[in-house]
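Please read the structure below before turning to the comments.
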Amino acid sequence: MKEAFKLSEKAFSKNEVPVGAVVVLHDRIIGKGYNQVDSLGDPTAHAEILAITAAANTIGDWRLNNCTIYVTKEPCSMCAGAIVNSRLSRVVFGVYDDDKGACGSLYQICGDKRLNSDAVIRGGVLEEQCRAILKEFFSARRDD
């Protein structure tokens with residue numbers, strides 16, 4: 001999670017919503033991503049999507065069985081769908097997102113048996129740190 005947080009700081013420094021993600025297989029990071037929606041002009045360029053794509057490229061397979069994704073903010077529905085489709089085994093996230101969270105807050109897409117997902121979900125890891133950087137980012141934007 002600390003590596004994901006470092007990536008959220010990178011996003012923050014580039015004036016992107018500060019969310020970072022890493023995909024881990026056997027204690028090795030195989031994919032990294034941070035939000036790049038504005039810089040790439042791509043609404044799908046969320047940290048999770050970029051990390052999943054990088055991980056699939058690293059192992060040469062879209063099936064990320066036995067992998068864990070660590071992300072600083074609860075995934076949205078798009079990212080949760082990508083998590084299910086890539087067959088990630090575990091999702092660990094920092095701050096809960098009561099407005100758009102799709103791993104337990106608003107929806108429970110990850111781990112939904114109806115979607116053939118048995119991903120284990122754990123939220124609240126480094127939660128205060130992850131919340132603080134988001135709050136700082138959006139506070140600064142409101143002041144502009």
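Limited to region 18-35, what total is found for residues that are open to solvent by 40 Å² or more (accessible area, probe 1.4 Å) and out of contact with any Leu (no Cβ under 7 Å at 6 or more places or on another chain)?
Count: 4.
Looking across N66, N116, one residue alone is at pLDDT below 95, at positive phi and open to solvent by 60 Å² or more (accessible area, probe 1.4 Å). It is N116. If the condition is being among the polar types (S, T, N, Q), closer than 11 Å to V23 by Cβ and in contact (Cβ under 8 Å) with a residue 40 or more places away in the chain, then region 67-102 contributes only T68.
Regarding I133, is this residue surrounded by 15 or more Cβ atoms within 10 Å (Cβ to Cβ), touching a residue at least 60 places away in the same chain (Cβ under 8 Å) and out of contact with any Cys (no Cβ under 6 Å at 6 or more places or on another chain)? Here the answer is yes, as I133 does meet what is asked. Scanning region 30-45 for residues that are touching a helix residue (DSSP H, G or I) at 6+ places or on another chain (Cβ under 6 Å) and among the hydrophobic types (A, V, I, L, M, F, W, C), we see that the one that is nearest to A82 (Cα to Cα) is A45. Residues in region 105-119 that are touching a residue at least 24 places away in the same chain (Cβ under 8 Å) and either part of a helix (DSSP H, G or I) or in contact with a strand residue (DSSP E or B) (Cβ under 6 Å, 6 or more places away or on another chain) (or both): C110, L115, A119.
Just checking, which of E16, E48 is modelled with pLDDT of 95 or more and either hydroxyl-bearing (S, T, Y) or within 18 Å of G81 (Cα to Cα) (or both)? Before the answer, list the steps.
Details: E16 fails: either hydroxyl-bearing (S, T, Y) or within 18 Å of G81 (Cα to Cα) (or both).
Exactly one of E16, E48 is modelled with pLDDT of 95 or more and either hydroxyl-bearing (S, T, Y) or within 18 Å of G81 (Cα to Cα) (or both), namely E48.
Residue pairs whose Cβ atoms lie under 8 Å apart, sitting 6 or more positions apart in sequence or on different chains, and linking a residue in region 38-51 that is more than 11 Å from V19 (Cβ to Cβ) and open to solvent by less than 40 Å² (accessible area, probe 1.4 Å) to a partner that is assigned to a helix (DSSP H, G or I) and of a type in the set (K, R), do not occur here.
When restricted to residues that are of a type in the set (D, E, K, R) and in a loop (DSSP other than H, G, I, E, B), region 41-84 contains 4.
Taking R87, is it in a helix (DSSP H, G or I), charged (D, E, K, R), open to solvent by 90 Å² or more (accessible area, probe 1.4 Å) and out of contact with any His (no Cβ under 6 Å at 6 or more places or on another chain)?
On the way: in a helix (DSSP H, G or I): no; charged (D, E, K, R): yes; open to solvent by 90 Å² or more (accessible area, probe 1.4 Å): yes; out of contact with any His (no Cβ under 6 Å at 6 or more places or on another chain): yes.
Spelling it out, it is not the case that R87 is in a helix (DSSP H, G or I), charged (D, E, K, R), open to solvent by 90 Å² or more (accessible area, probe 1.4 Å) and out of contact with any His (no Cβ under 6 Å at 6 or more places or on another chain).
The values are calculated or read from the model by the stated rules, or taken from the named source; none is laboratory data. Owing to the predicted nature of the structure, the values given are computational and were not obtained by experimental measurement. Positions of Cβ are backbone-derived with ideal geometry, glycine not excepted, and every protein chain shown enters the neighbour counts. For accessibility, only protein heavy atoms count, side chains too; no ligands or nucleic acids. Shrake-Rupley method; radii C 1.70, N 1.55, O 1.52, S 1.80 Å.
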